[in-house]
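Taking it in order: structure first as structure tokens, then the write-up.
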Amino acid sequence: GQQLNQSPQSMFIQEGEDVSMNCTSSSIFNTWLWYKQDPGEGPVLLIALYKAGELTSNGRLTAQFGITRKDSFLNISASIPSDVGIYFCAGPYNNNDMRFGAGTRLTVKP
Amino acid sequence: ETGVTQTPRHLVMGMTNKKSLKCEQHLGHNAMYWYKQSAKKPLELMFVYNFKEQTENNSVPSRFSPECPNSSHLFLHLHTLQPEDSALYLCASSQGPSAMSPGELFFGEGSRLTVL
């Protein structure tokens, strides 16, 4: 089935630094979603992308839907301690099944 | 607060126990989902209900039994589980599927299950 490969698996950065993570697939997706999961909580939707080439921002977060429709990236600018968590990419396998990457675990040192 | 509430947040059970997880959504959505989250693995889809009808059973063992009495409530009944079933069980809802996508999922906070 369609697998989503996220990288890096984990990141340790200093507060104030910019962060970049990406997600790739061997198959084409028509939607890319980015979620964040705080410790002890469920994933929360950050950004949704619906069109190849689309670049969307949500505050300090920016995500892009790759032109090939097989990848997406998420950037976080000027990181702060509350950015800590696990970031997941997701894309629909079919109309019932949203597939998720294994996540990028972000640690921000003050 | 995402509009999806799960109870209990934590559950410890023995392998011979019967317990249930509950999920309620206040978003007016038509589709509800159970996902399993194990450490360092992608979320695994277990079950999908659209308009109370089960539309996906992702080869889940019969010791997990879902129930969806209406579009706002979803249960996961647990019976004779194994220690490897210990995980975070996440409920989600969405507006409902389009032709090619389940739509944006909204998750509850999860029920952390430990099977002894």
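The values are calculated or read from the model by the stated rules, or taken from the named source; none is laboratory data. Note that the structure is a prediction, hence the values are computed from the model and not measured. Quick reminder, even Gly has a Cβ in these numbers, built from the backbone with ideal geometry, and neighbours come from all protein chains shown. These accessible areas exclude ligands, DNA and RNA; they are computed on the full protein's heavy atoms, side chains included. Shrake-Rupley method; radii C 1.70, N 1.55, O 1.52, S 1.80 Å.
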Query - Cα-Cα P(r), the stretch B:50-116, percent of pairs per 5 Å interval - result: 3, 13, 22, 26, 18, 10, 5, 1, 0
Report task. Would you list the P(r) distribution for the stretch B:1-54, with all Cα-Cα distances sorted into 5 Å bins from 0 and each bin expressed as a whole %? Result -> 4, 14, 19, 25, 22, 11, 4, 0
Query - the stretch B:1-81 - share of DSSP beta bridges that are antiparallel (%, nearest 5) - result: 100
Query raised in the report: Over chain B, one equal point on each Cα, no solvent: what is log10 I(q)/I(0) by the Debye formula at q = 0.09, 0.15, 0.17 Å⁻¹?
Result: -0.21, -0.60, -0.77
Query - Residue-count net charge about B:S93 - beta-carbon cut-off 13 Å; Lys, Arg +1, Asp, Glu -1 - result: -1
**Report entry** Surrounding net charge for B:Y49, when Lys and Arg each add one and Asp and Glu each subtract one, Cβ distance under 12 Å
**Finding:** -2
Query raised in the report: Using alpha carbons only, what's the Rg to Rh ratio of the protein assembly as shown with Rh from Kirkwood?
Result: 0.97
Query - Computed E for A:I80/A:Y50 - FRET, C-beta separation, R0 22 angstrom, nearest 0.05 - result: 0.20
**Report entry** Protein-only accessible surface order, largest first, of B:R63, A:R69 at 1.4 Å
**Finding:** A:R69, B:R63
**Report entry** Over 30 Å (Cα to Cα) - which of A:K51/B:K22; B:K18/B:K52; A:K70/B:K40 fall in this group
**Finding:** A:K51/B:K22
Query raised in the report: If you project the alpha carbons of chain A onto their three principal axes, what span does each projection cover, largest first, in Å?
Result: 41, 28, 19
Query raised in the report: Roughly how much of A:I67 is accessible, in Å² to the nearest 10, using a 1.4 Å probe?
Result: 130
Report summary line: Rounded to a whole number, the mean other protein chain Cβ count within 10 angstrom for residues of B:105-112 is 4
Query raised in the report: Which whole number gives the average, over all residues in A:96-104, of C-beta atoms from other chains lying within 10 Å of the residue C-beta?
Result: 6
Requested in this report: Within the stretch B:1-22, find all residues whose amide N lies under 19 Å from a label point positioned 7 Å from the Cα of B:Q95 along Cα-to-beta-carbon.
Outcome: B:2-4
Requested in this report: Give the interface area between chains A and B as buried accessible surface, both sides summed, probe 1.4 Å, in Å² to the nearest 100.
Outcome: 1900
Report summary line: A:R69 neighbourhood, Cβ < 12 Å, K/R = +1, D/E = -1, net charge 0
Requested in this report: Provide the per residue accessible area, probe 1.4 Å, for chain A, rounded to a whole number of square angstrom.
Outcome: 45
Query raised in the report: How about B:K19: which lysines have a C-alpha closer than 17 Å to its C-alpha, ignoring those fewer than 8 places off in the same chain?
Result: B:K36
